[in-house]
Amino acid sequence: MKKIMLMLGFLLIFTSHLYTMEVKFEKTNIFNKAWIQLIFDTTDTASQIGSTQQNWIGIYKKGASNEWKNVISWAWVKDVQNTIAPGDSAKNRYYSYDLPDGEYELRFFLDNSYEIFASYAFEANKVKDMPMLSIEQQTKTNIFFSSTYGKQTWVGIYQKNQHDNDWKYVQAWSWVTDTLTTINLTDLPRGDYIARLFYDNSYKDEDYIAFSHNGTNQENFVKVEKFNGYSRIDFSSSFQVGDGKSWVGLYKKANSNASENRLAWKEVKSTKEVFYLQTLEVGEYELRLFDENEDNMVVKTGFSVDGKQVFTFTEQEYSQHNSYNMLSMLTYFAPMGDEDWVGLFEKGAKKIRANLISWGRPKTTQGLSNYVTFKTPGRVGEFELVYFTNDSYEQFGNSLSLIFN
């Protein structure tokens, strides 16, 4: 029978030369182990347990004598104190050991002796005594459960407001034969559900967890989230993590789905993906979402490369700094003439010298390609960068909106 992880908090507080201890149990998703967690509060007791190098703890069968031959596991307290769990304060210490089922005592000894300074009894329980059910992953078509299990264990899915465990109310189910169980959601309509864990082929639920299902017949989509004008496309789609069969292809709008027309493609492993491309020519393009093969296109979306996108997209919020030089990347379509320049203006302001806040000449280097640096406004507000040619106020391409806060 598998064992679960037991978490025991062991709090030592020095009050008039006396330690008191508490133990608490907590469910986890780690199997086959009974772990002991010791939490020392050493604020007022450093001289009692910190400075003495030979204080130790031992685990014994309940009722066993303190003789060394009966020690199941032990550790110096100083070593336990040096094992700090991530995210915990310096006062929280951990010690662990794999224990079979049974009743035990955790004993605290001073100065390498067998004199018990404090102890606490606890029990390592079998999985059946402490069942667990959790969701590891959920996709549009499947849900993956992590759970404890024993003989004839099963998981059933019910509508969330259904409190009767009778078989006639089961929407989907599976036997549990390992720590990971998969249940297909294809036939489930959109809605809220609850999964319940059962032992011994019974209808007595041992644990449960609620979840929502968006339905497999939900409207599919593919959407361009960001486009830098020529070489990078950030896009999203309706296919969720773990489907593994869907993919998105990039095509010229006029071309068919044939593989020779595919400019780029990517298997969809997340709802958000990125295409990094060579420079796209001016023209009309489409992102197409497919299910398994190019004959089964699900949905598509179009976008244009107009040659007017001068600035690549960037973060839209910046901290206010009075003397901060900001860098902005320029696209392949920027003319990059010797007398070209980029100006910063308040959003919507007329593009004249009187409204110019700061400016810079576009540059090209091997490491950064096309870019421009300029001084930030030194105040909060909405602004825009504008590209001009030939030392004039004749705008080229689109502007870039910026927000300073």
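The values are calculated or read from the model by the stated rules, or taken from the named source; none is laboratory data. These numbers were taken from a predicted model, which means no experiment stands behind them. FYI the Cβ positions are ideal-geometry reconstructions off the backbone, even for glycines, and counts take in every protein chain you see.
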Sole miss for F198 among (1) surrounded by fewer than 16 Cβ atoms within 10 Å (Cβ to Cβ); (2) farther than 17 Å from N142 by Cα is condition (1)
Take D79 and tell me if it is under 10 Å from W56 (Cα atoms), surrounded by fewer than 18 Cβ atoms within 10 Å (Cβ to Cβ), at pLDDT below 75 and of a type in the set (D, E, K, R). yes
Quick one: in segment 265-283, of everything that is assigned to a strand (DSSP E or B) and not hydroxyl-bearing (S, T, Y), which residue is nearest to A334 (Cα to Cα)? G283
Taking segment 259-279 and the residues there that are at pLDDT below 90 and of a type in the set (D, E), the one that is surrounded by the fewest Cβ atoms within 10 Å (Cβ to Cβ) would be E267
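Filter segment 94-106 for residues that are out of contact with any Ser or Thr (no Cβ under 6 Å at 6 or more places or on another chain) and surrounded by 15 or more Cβ atoms within 10 Å (Cβ to Cβ); which is modelled with the lowest pLDDT?
Initial filter on segment 94-106 (out of contact with any Ser or Thr (no Cβ under 6 Å at 6 or more places or on another chain)): 95-96, 98-104, 106.
Remaining after also requiring surrounded by 15 or more Cβ atoms within 10 Å (Cβ to Cβ): 95-96, 99, 104, 106.
Details: Y95: 48, S96: 52, L99: 67, Y104: 83, L106: 79.
In this case the residue turns out to be Y95.
For segment 383-402, enumerate the residues that are part of a strand (DSSP E or B) and in contact with a Ser or Thr (Cβ under 7 Å, 6 or more places away or on another chain). Before you say what the answer is, go through the steps one by one.
Keep residues of segment 383-402 that are part of a strand (DSSP E or B), which gives 383-388, 395, 400-402.
The answer is E384, L385, V386, L400.
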Residue in segment 284-293 that is modelled with pLDDT under 85 and more than 20 Å from V224 (Cα to Cα) present: yes
Among the residues of segment 323-363, what is the count of those that are among the aromatic types (F, W, Y) and outside any strand (DSSP E or B)? 3
With respect to F333, determine if the residue is surrounded by 17 or more Cβ atoms within 10 Å (Cβ to Cβ), in contact with a strand residue (DSSP E or B) (Cβ under 8 Å, 6 or more places away or on another chain) and either closer than 13 Å to V386 by Cα or at pLDDT below 90 (or both). no
Considering only segment 332-388, state which residues are free of Cβ contacts under 8 Å to residues at least 24 places away in the same chain and basic (K, R). K350, R361, K363
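If I filter segment 134-165 down to residues being within 30 Å of K62 (Cβ to Cβ) and in contact with a strand residue (DSSP E or B) (Cβ under 9 Å, 6 or more places away or on another chain), which single residue comes out as modelled with the highest pLDDT?
T153
Provide a single number: the residues in segment 230-258 that are hydroxyl-bearing (S, T, Y) and modelled with pLDDT of 90 or more.
The number of residues fulfilling the criteria is 2.
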Please list, ordered by first then second residue, the pairs with beta carbon atoms under 7 Å, 6 or more apart or interchain, first in segment 284-312 and under 28 Å from P335 (Cα atoms) and aromatic (F, W, Y), second part of a loop (DSSP other than H, G, I, E, B) and modelled with pLDDT of 85 or more. Y285/K253
